[in-house]
Amino acid sequence: YENQGRDHRRRAVGAALVAAVASAGIENVVLEKHSREHVLGRIRAGVLEHGFAELMREAQCGDRMDREGEIHEGFFIAYNGEMHRVDLAGHTGGNSVMIYGQTELTRDLYEARDRMGGTVIHEAADVQPHAMDADAPYLTWRQGDERHRLDCDFIIGADGFHGVSRRSIPSNVLREYEKTYPIGWLGVLSRTKPVSPELIYARHEREFALCSLRSQVLSRHYIQVPLSDRVEDWSDEAFWEELKLRLPEDVAGSLIAGPSIEKSIAPLRSYVAEPMRYGRMFLAGDAAHIVPPTGARGLNSAASDIYYLYHAMVDHYETGDDAGLESYSDRALARIWKAQRFSWWMTMLLHRFPDHTEYDRHLQETELDYLFSSHAATTSLAENYVGLPF
Ligand code: DHB
């Protein structure tokens, strides 16, 4: 699952870039390891930053998102049996997030690709970038028994954490930074009406829980679990029962349970690789960085890479200006590290850790009390959640 989950984010980010550059008239080819059906069969994130939604519109891929997605101007943090609302719009001059499933976004990007007549080569095996540090890079891959080669100006390594791109950068060039957390999230998707119109992040003695949604008929819930748990350990009944115990009573009382249509466990991890460029190859998304899910920065961090890379490519091809390409790694990483900080902070704020002392618990409660008693503290949370400026 872990690999597949990460693979899937890779597809959204790669597809987002090619849709954007294709709409700017830049010729490109996508190499995809799996089939289209496989790509569109997976359930992933659902919270898009305002700036990401804008980028989708710019790439002419935002129509269905604007029709079917939900604008959320706030969310709740529940603790000590009470709900506290974070007024995103009120603290950010009217900013918000878009609730729209990544799977739906990927579907729209595929359709845009079809409309524009772009090439996607599916089931490409043994993909390998070559000569990235020279003037004429190329890619090789295999399809069935046939070997293929593609010469290109640039290679975009948007191939996920386990992809070949980052691994092809010499180890004396690449620096890696990593933090792992000894916990996981068990996620359940169900065809049920969401318990709340806005997301609820719950900090609880029985450990963290999250009520999220994809639409008014599709709910997405998570509970923190030990890393040693397996999906098979959790029946649907056990999941709903545990979730209710971690929510304020009135929320638990109105929660509608239903059969799971997807159930999976994701480990929590923070990771950054630097630099995000090696010669004529540019890394984007999970190929270069991972965040723990708390605060929904994963897909959005990938999207910010795409924002910088798209504008850099357009400048290169339209005006011959390479300043954007030259500064890509530094600019992307500056924002990536802020998303790393925010995801780490929200993770530490809301989870119960095996090595937590009473002192740590007190600090955590104080942090929450401060958050909701200080306009400045709530503003800091809100501006990060809706997405920092590009
Ligand atoms: C979802 C995931 C998150 O990590 C989060 O912070 C909010 C929502 C989701 O899958 O809906």
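Please go through region 264-285 and give me each residue that is under 18 Å from the mean Cα position of the chain (by Cα) and in a strand (DSSP E or B), ordered by number. Answer for region 264-285, where residues must be under 18 Å from the mean Cα position of the chain (by Cα) and in a strand (DSSP E or B): 264, 265, 266, 267, 268, 269, 270, 271, 272, 273, 283.
For every residue, the table says whether it meets (1) within 16 Å of the ligand (Cβ to nearest atom); (2) in contact (Cβ under 8 Å) with a residue 12 or more places away in the chain; (3) not in a helix (DSSP H, G or I).
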position: 302; (1), (2), (3): yes, yes, no
position: 314; (1), (2), (3): no, yes, no
position: 325; (1), (2), (3): no, yes, no
position: 344; (1), (2), (3): yes, yes, no
position: 359; (1), (2), (3): no, no, no
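In this structure, is residue 283 at pLDDT 95 or above and either polar (S, T, N, Q) or touching a strand residue (DSSP E or B) at 6+ places or on another chain (Cβ under 8 Å) (or both)?
Working: at pLDDT 95 or above: yes; either polar (S, T, N, Q) or touching a strand residue (DSSP E or B) at 6+ places or on another chain (Cβ under 8 Å) (or both): yes.
Judged against the criteria, residue 283 is a match.
Got at least one residue in region 109-126 being among the aromatic types (Phe, Trp, Tyr), crowded, with 16+ Cβ neighbours inside 10 Å, within 17 Å of residue 287 (Cα to Cα) and out of contact with any His (no Cβ under 6 Å at 6 or more places or on another chain)? No.
Restricting the first member to region 203-215 and to residues that are in contact (Cβ under 8 Å) with a residue 24 or more places away in the chain and closer than 16 Å to residue 184 by Cβ, and the second to residues that are assigned to a loop (DSSP other than H, G, I, E, B) and within 13 Å of the ligand (Cβ to nearest atom), the beta-carbon pairs closer than 6 Å and six or more apart or on different chains are 208/351. Summed over region 314-343, the residues that are buried (at least 18 other Cβ atoms within 10 Å of the Cβ) and within 30 Å of residue 205 (Cβ to Cβ) give a count of 4. Inspect region 36-45 for any residue being under 30 Å from residue 361 (Cα atoms) and either within 16 Å of the ligand (Cβ to nearest atom) or not in a loop (DSSP other than H, G, I, E, B) (or both) and give the result as yes or no. Yes, that holds for at least one residue.
Only one of 78, 89, 53 is small (Gly, Ala, Ser) and part of a strand (DSSP E or B). Can you tell me which? Give the derivation first.
Numbers: 89 fails: part of a strand (DSSP E or B); 53 fails: part of a strand (DSSP E or B).
Checking each option against the conditions leaves just 78.
Please enumerate the residues belonging to region 11-41 that are of a type in the set (Lys, Arg), buried (at least 18 other Cβ atoms within 10 Å of the Cβ) and modelled with pLDDT of 80 or more.
Step one: list which residues in region 11-41 are of a type in the set (Lys, Arg), which gives 11, 33, 36.
Those left that are additionally buried (at least 18 other Cβ atoms within 10 Å of the Cβ): 11, 33.
Selection gives 33 alone.
Out of the residues in region 220-245 meeting the condition of being in a strand (DSSP E or B) and either closer than 25 Å to residue 196 by Cβ or modelled with pLDDT under 95 (or both), tell me which one is farthest from the ligand (Cβ to nearest atom).
Step one: filter region 220-245 for residues in a strand (DSSP E or B), giving 220-226.
Right, trim to either closer than 25 Å to residue 196 by Cβ or modelled with pLDDT under 95 (or both) and you get 220-225.
Working: 220: 4, 221: 9, 222: 7, 223: 13, 224: 12, 225: 15 Å.
The residue in question is 225.
Kindly establish whether residue 151 is surrounded by fewer than 19 Cβ atoms within 10 Å (Cβ to Cβ), of a type outside the set (Phe, Trp, Tyr) and under 21 Å from residue 28 (Cβ atoms). Talk me through it step by step, then tell me what you get.
Details: surrounded by fewer than 19 Cβ atoms within 10 Å (Cβ to Cβ): yes; of a type outside the set (Phe, Trp, Tyr): yes; under 21 Å from residue 28 (Cβ atoms): yes.
Criteria met by residue 151.
Does residue 213 satisfy the condition of being within 14 Å of the ligand (Cβ to nearest atom), closer than 19 Å to residue 290 by Cα and buried (at least 21 other Cβ atoms within 10 Å of the Cβ)? Judged against the criteria, residue 213 is not a match.
Can you pull out the strands (runs of 3 or more DSSP E) entirely within region 131-178 that have at least 1 residues that are without any contact (Cβ under 8 Å) to a residue 12 or more places away in the chain?
Details: elements: 138-143, 146-151, 155-157.
Output list reads 146-151.
The values are calculated or read from the model by the stated rules, or taken from the named source; none is laboratory data. In this text the structure is predicted, and so the values were computed from the model without any measurement. Virtual Cβ from ideal backbone geometry, glycine too; neighbours counted across all protein chains shown.
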